[in-house]
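These notes concern the structure reproduced below.
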Amino acid sequence: MSEQTTDKRVREASRRHFLQAGAALAGGSAVAGLGGTTALADNGANLPPNVPEWMKTPGDPMGSQPYGAPSAYEKGVVKNISKTLPQYISASGRTPLQELDGIITPNGLFYERHHGGVPTIDPAQHRLMLHGMVDRPLVFTMEDIRRFPSQSRIHFIECSGNPVYTKPYGKTASDLCGLVSCAEWTGVPLKTVLNEAGLQPGAKWIVAEGADAAALTRSIPIEKCLDDAMLVYSQNGERLRPQQGYPLRLLLPGFEGNMNVKWLRRLKVVAEPVYSREETSKYTDLMPDGTSREFTFTMEAKSIITRPSGGQKLGAPGFHEITGIAWSGHGKIKRVEVSVDEGRNWQSAELQEPVLTRALTRFRLPWQWDGKPALIQSRAVDETGYVQPTLAELLAVRGANHFYHNNAIWPWRIDGSGEVSNGQA
Amino acid sequence: MARRELRIAALLIVAATVAARAEERFGIGRAATPAEIAGWNIDIGRDGENLPPGSGSVARGRTVFAEQCAACHGAEGQGAVGDRLVGGQGTLASAKPVRTVGSYWPYAPTLFDYIRRAMPQNAPQSLSDDDVYAVSAYILNLNGIVAADAVLDAKTLAGIRMPNRASFVADPRPDVHNH
């Protein structure tokens, strides 16, 4: 009923667009409506002193979108998913960082990485098994998990390969750093659940396993499990999306993304790591001498300017706000420094409160662009005093085949016309 | 300290202990049965711990691989849509390192663990344990790590020493000293 009403309204609106704009073509409803609106905006019919067309007719009725979706004009703001991947079952999709404000990533735009597709899990049939070196091996339903005292905390999750070290480097902020997102997570501290089972002496690691088709498995040091690890079931106020591990995810603030095991079905308390495929052949970091670093958990401090950034264009000289995001797996961001002169001088950006541990932090710097070519870049300093390195500094130590944990500074080059592109390309 | 104060202190300690215990456990969840644990406890340690009974030959593995794996990994494990599984030994310190089972994986039992839990990608946990042993044997044979007549079981798979085993080091970060 309401859909029919909406369709009729859209048809009528689009008919008016065509009549008013004098368009020669007639056709579909919703799409033609959008095109007509653009035409109207172009000829000023919706601009002052005229009364905009959308004020002259009622809007969509209540119930036309039981679950709200963004404006049709924002349809280009979607995950950045390569069209040329060899396959899409084990793959990743990036957050469009340059389109977002603040520090919270909308759930539909949170980056995705899965190793065996996104499972469809009935929460009534999902179980978490906790066993191994515990006094009481236990099985929990999702109702059980939600009975525990809950907590909500804001943390980022970042994929370890964000981005890799080899060319070609990406064009946009999303291409470069879009495998980081941030949300408010709700769940139960893992240590609370471990207490239910009772850890035995000698328990040093916990093997976490997902209920996906990869049964993804990682070993987590017990210190992290007893510190800030959580079992989460909600993200930004609603239940986890399937892509984020519905109905249950392990959250390890500051640790590389794949360790935040999604679709969590099993926790096995053990004395030493299991040395799963994901922590031996996969998420290990190859050095130039042929050795590899293993158990490289923490994502080090990093920042990126999201506006102006690659693919955008400054319309005219004058005032432009430089803004971006900074984060560290080691704690809070202490300072973000911005350079607008090829790295010769650096000034502290303003940090938007709240500045939270292991969360995205928004920074801003007012800037007057003089219309001349410029190189702008940001570097983060976290509360340990660690300073985000340059790509050259990282490459000098790790080489180009290191693959993971690239937290380099990414400068943006602005040319005389205002076009912004990757300063490393 | 007066006796009364001692008694109050003792009572406070008891009360605090009881309160802490009450906070610690909520009585949520139920006991996991041994059968339930056995069904889900599929992870294999690097030393072969928890490998199941059964065995498989390189010859059988060649057949299973052709049917279940070759479409993605290539007939000889050379890679296609799926990862390359074979070769690359001696390349890790070069400008173009090739990471495969033979050149990179440090522990052979991990191969069993991963194939059983995640492969084939379109039907994980569908192969019998015997066939997982067999496919493991075939991939190791393609890499020159076991002989063409090898038959692998829990003991022999755990006894294999992978070429790259000693090349993994602990995380030394922070490794860039720029300030």
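With the convex hull of the Cα atoms taken as the outline of segment A:243-378, the averaged projected area works out to 12.4 nm². Note: relative contact order over chain B, using C-alpha pairs below 8 Å and six or more positions apart, is 26 percent. For segment A:166-325, the normalised intensity computed at q = 0.11, 0.21 Å⁻¹ comes to -0.57, -1.40 (log10 of I(q)/I(0), Debye sum over alpha carbons, equal scatterers, no solvent). Sorted from greatest to least, the principal axis extents spanned by the alpha carbons of segment A:302-422 come out as 39, 36, 24 Å. With Rh defined as the Kirkwood radius, the inverse of the mean 1/r over Cα pairs, the Rg/Rh of segment A:147-244 is 1.04. When the Cα positions of A:GLY311, A:HIS330, A:PRO366 are compared along the charge dipole of segment A:302-422, A:HIS330 comes out farthest toward the positive end, with charges on each C-beta of Lys, Arg, Asp and Glu. Of the DSSP H helices in chain A, those with a Cα length along their own long axis of 15 Å or more and a mean Kyte-Doolittle hydropathy reaching 0.5 comprise A:30-43.
Placing +1 on each Lys and Arg Cβ and -1 on each Asp and Glu Cβ, with no other charges, gives segment B:38-167 a dipole about its Cα centre of roughly 440 debye.
A Förster radius of 41 Å combined with the Cβ-Cβ distance from A:ASP227 to B:ASP149 puts the calculated FRET efficiency at roughly 0.20. Over segment B:43-125, all Cα pairs binned in 10 Å intervals from 0 give whole-percent P(r) values of 17, 44, 33, 6, 0, listed from short to long.
Helices that extend 30 Å or more along their long axis by alpha-carbon positions and average at least -1.0 on the Kyte-Doolittle scale are, among the DSSP H runs of chain B, B:3-24.
Of the residues A:LEU85, A:ALA213, A:ALA408, the one whose Cα sits farthest towards the positive end of the charge dipole of chain A is A:ALA213 (charges of +1 on Lys and Arg Cβ, -1 on Asp and Glu Cβ, taken about the Cα centre). Using Cβ point charges alone (K and R +1, D and E -1), the dipole size of chain A about the Cα centre works out to roughly 560 debye. Computed over chain A with a Gaussian network model linking Cα atoms closer than 10 Å, the most mobile of A:ARG266, A:ARG94, A:ARG293 is A:ARG293.
Taking the Cα centre of segment A:240-310 as origin and assigning +1 to Lys and Arg Cβ atoms and -1 to Asp and Glu Cβ atoms, the resulting dipole is close to 560 debye. With the gyration tensor restricted to C-alpha atoms of chain B, the semi-axes of the equivalent ellipsoid amount to 49, 25, 15 Å, longest first. Shape analysis of segment A:28-174 based on the Cα gyration tensor places the equivalent ellipsoid semi-axes at 43, 25, 16 Å, largest first. Radius of gyration (Cα atoms) of the protein assembly as shown, expressed as a multiple of 2.2 N^0.38 Å: 1.12. For chain A, the relative contact order comes to 14 percent (Cα pairs under 8 Å, sequence separation of at least 6).
Readers should treat all values here as calculations from the given coordinates under stated rules, not as data from a laboratory. Keep in mind it's a predicted model, so treat the numbers as computed, not measured. Quick reminder, even Gly has a Cβ in these numbers, built from the backbone with ideal geometry, and neighbours come from all protein chains shown.
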